[in-house]
Amino acid sequence: MANQHKRTIEFAGDYNLDNVFLHNHMGETTDIKRVMVELNIYESIYSNGLTGSIVVGDAQNLIGKLQINGTERISFKLSTPGTENQRDMVDASVETGHPFHIYKITDRRQLNSNTLLYTLHFASREFMRNLRTKVSQAYNGRLDLSVMDILTDENYLDSKKQISFEPCGNSDKIVIPNLRPYDAINMIAKRSLPEKSNGVGYYFYETTKGIYFRSWDNMVSVRGS
């Protein structure tokens, strides 16, 4: 539950969430926290992109007034009371973090004559760029450096987030045949071998803390990551 005392935990599950801003394509900003029923963020080592959803109980016709069409952004800052380390917060604010992008609206349902219930689905900027770009290029050298190039190249994912990667022990020449960036990185991940262990294959995933390209051995041996 939302905590009125920002620096102390009173109950299990307490959190700080002051605002949830919806930014539409015309530059208008509205705080939708009061009409928000549920906020979910999904991350997994088996998912390349960071996604989430917001269930809205709309009694103010926001979907009509703001002309919500699936091209908006969502910004907020979520933390546990007493947390001061930025890496322990979900910073999706416009000023200091990475806002999410809405990509679809589902489950519209009229609860009563005044209230419309619907779900806004959002995702990271990298997730959205993956849908809109293709990689058609040859790479030669260490495989983790090829992945870094796809992640940071302004023509591909153009990521500005913190990227954590484990150096590969093998090099290879790879031709990416017009694939989406995520598919290209997953193809490289299957061929990657860790530099300091005998594991095979890498995991490529995104969390609220950044983007990762690493082996299973690395994930279970490095503490606190």
Residues (of a type in the set (A, V, I, L, M) and closer than 12 Å to Ile54 by Cα) located in region 98-124:
Ile102, Ile105, Leu117, Leu120, Ala123
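Let's see how each residue does on (1) under 21 Å from the mean Cα position of the chain (by Cα); (2) among the hydrophobic types (A, V, I, L, M, F, W, C):
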| residue | (1), (2) |
| --- | --- |
| Thr30 | no, no |
| Val35 | no, yes |
| Tyr46 | yes, no |
| Gly57 | no, no |
| Arg73 | yes, no |
Please enumerate the residues belonging to region 180-213 that are out of contact with any Asp or Glu (no Cβ under 8 Å at 6 or more places or on another chain), in a strand (DSSP E or B) and surrounded by 17 or more Cβ atoms within 10 Å (Cβ to Cβ).
Tyr203, Phe204
Picking from His98, His121, the residue that is closer than 22 Å to Gly210 by Cα and either open to solvent by 90 Å² or more (accessible area, probe 1.4 Å) or part of a loop (DSSP other than H, G, I, E, B) (or both) would be His98
Among (1) within 19 Å of Tyr202 (Cα to Cα); (2) in contact with a strand residue (DSSP E or B) (Cβ under 7 Å, 6 or more places away or on another chain), there is one condition Asp172 misses while meeting the rest; what is its number?
(2)
Selection from region 96-131 of residues that are charged (D, E, K, R) and at pLDDT below 95
Lys104, Asp107, Arg108, Arg109
Considering region 142-168 alone, what residues qualify as being open to solvent by 20 Å² or more (accessible area, probe 1.4 Å) and over 30 Å from Ile105 (Cβ atoms)?
Arg142, Leu145, Met148, Asp149, Thr152, Asp153, Gln162, Ile163, Ser164, Phe165, Glu166, Pro167
Could you list all residues from region 1-35 that are open to solvent by less than 40 Å² (accessible area, probe 1.4 Å), farther than 21 Å from Arg125 by Cα and modelled with pLDDT of 80 or more?
Asp14, Asn16, Leu17, Val35
Taking region 101-117 and keeping residues assigned to a loop (DSSP other than H, G, I, E, B), among the hydroxyl-bearing types (Ser, Thr, Tyr) and surrounded by 11 or more Cβ atoms within 10 Å (Cβ to Cβ) leaves Thr115
Of the numbered conditions (1) within 17 Å of Leu22 (Cβ to Cβ); (2) open to solvent by 30 Å² or more (accessible area, probe 1.4 Å); (3) without any contact (Cβ under 8 Å) to a residue 24 or more places away in the chain; (4) assigned to a loop (DSSP other than H, G, I, E, B), Gly64 fails exactly one; give the number of that condition.
(4)
Within region 72-95, considering residues that are among the β-branched types (Val, Ile, Thr) and in a loop (DSSP other than H, G, I, E, B), the one modelled with the lowest pLDDT:
Thr83
So, in region 14-49, exactly how many residues are in a helix (DSSP H, G or I) and touching an Asp or Glu at 6+ places or on another chain (Cβ under 9 Å)?
2
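The values are calculated or read from the model by the stated rules, or taken from the named source; none is laboratory data. Not measured: the values here are computed from a predicted model. Heads up, the Cβs are rebuilt from the backbone with ideal geometry, glycines too, and the neighbour counts pull from every protein chain shown. Side chains included, ligands, DNA and RNA excluded: accessible areas come from the protein's heavy atoms. Shrake-Rupley method; radii C 1.70, N 1.55, O 1.52, S 1.80 Å.
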